Amino acid sequence: MRKPFIAGNWKMNTDGHSGPALVKAVGQGLTQFDMSKVNVAVIPPFVYLAQIVAAARASRIAVGAQDIYYEQKGAFTGEISAYMIKDVGCNYCLCGHSERRHVIGEQDELINKKVHAAINGGLLPILCVGELLEEREAGKTEEVVERQVKKGFEGLIAAKAAAVTLAYEPVWAIGTGRTATPAQAQEVHAMLRKLLAELYDKSFADDIRIQYGGSVKPDNAAELMQKEDIDGLLVGGASLKADDFLAIIKASIGD
Ligand code: PGA
């Protein structure tokens, strides 16, 4: 049984006032729910991580970083290591979010190094994959996400790979208000789980959580989560409003 995992990716939003207020409001709202049924994380900008970890302390909300660099320390100006993210009290980090891939230009090889570094540094990576609109329209969705998954997991034995949460985020659905239909998402999720069974084995594939992301809102969360292979949600815009994020969590656990 895979426990639902709902994560809020704040992207380059919030500040020193609104971030702690948001996480406190979510924490307060979560006291109404049975938290043994769900994992919840927020993923704020780097500079606020320590503050958000402190603000989330009384709640069951985990905190993650939006990225890491793969070296542990040294002359890498502007970069942040897994060690540092762990040191400020985070558990998770995103690797290969589509905005890192397509705005910043990160490639599969770099993302794979980050996944290794995250796990070796004691973090739980959320590896994001997903096709562009033109790739979907050209019938290349499977080919693209298969490549991203194979490269993302390259060199990881099952015991380490088990730390990964996979997130399927079709790029055309991110921030556009255009969600993949639950059936479209389920089709890709089932394909990803089959691929992971081939790369590792069936029990690995049965255990790994695969989140869907891309314009998740309170009114589509339940329908998405009802699909067999959708085990969680990676929420961008709607995670910036406590009420919306809470409604999504509620819909996900069916309370
Ligand atoms: P969105 O972002 O929910 O605003 O579409 C999702 C994401 O990029 O993780």
### Message
Yes or no: the range 215-228 includes at least one residue that is buried (at least 20 other Cβ atoms within 10 Å of the Cβ) and under 22 Å from MET12 (Cα atoms).
### Response
yes
### Unmet criterion (only one of (1) open to solvent by 10 Å² or more (accessible area, probe 1.4 Å); (2) away from the ligand (no atom under 16 Å from the Cβ)) for TRP172
(2)
### Query
What are the pairs, 6+ residues apart or on separate chains, where a residue within the range 1-28 that is assigned to a loop (DSSP other than H, G, I, E, B) has its Cβ under 9 Å from a residue that is basic (Lys, Arg) and open to solvent by 60 Å² or more (accessible area, probe 1.4 Å)?
LYS3/LYS37; PRO4/LYS37
### Message
Which of the numbered conditions does ASN13 fail, given that it passes all the others? Conditions: (1) in contact with a strand residue (DSSP E or B) (Cβ under 9 Å, 6 or more places away or on another chain); (2) within 16 Å of the ligand (Cβ to nearest atom); (3) of a type outside the set (Gly, Ala, Ser).
### Response
(1)
### Query
If a residue has to be within 13 Å of the chain's Cα centre (by Cα) and of a type in the set (Asp, Glu) to count, how many in the range 145-172 make the cut?
1
#### Entry: Complete set of residues in the range 198-220 that are small (Gly, Ala, Ser) and within 10 Å of the ligand (Cβ to nearest atom)
GLY213, GLY214, SER215
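The values are calculated or read from the model by the stated rules, or taken from the named source; none is laboratory data. All of these numbers come straight from a predicted model, not from anything done at the bench. Quick reminder, even Gly has a Cβ in these numbers, built from the backbone with ideal geometry, and neighbours come from all protein chains shown. Ligands, DNA and RNA are stripped out before the accessible areas are found, and what is left, the full protein with its side chains, is counted by its heavy atoms. Shrake-Rupley method; radii C 1.70, N 1.55, O 1.52, S 1.80 Å.
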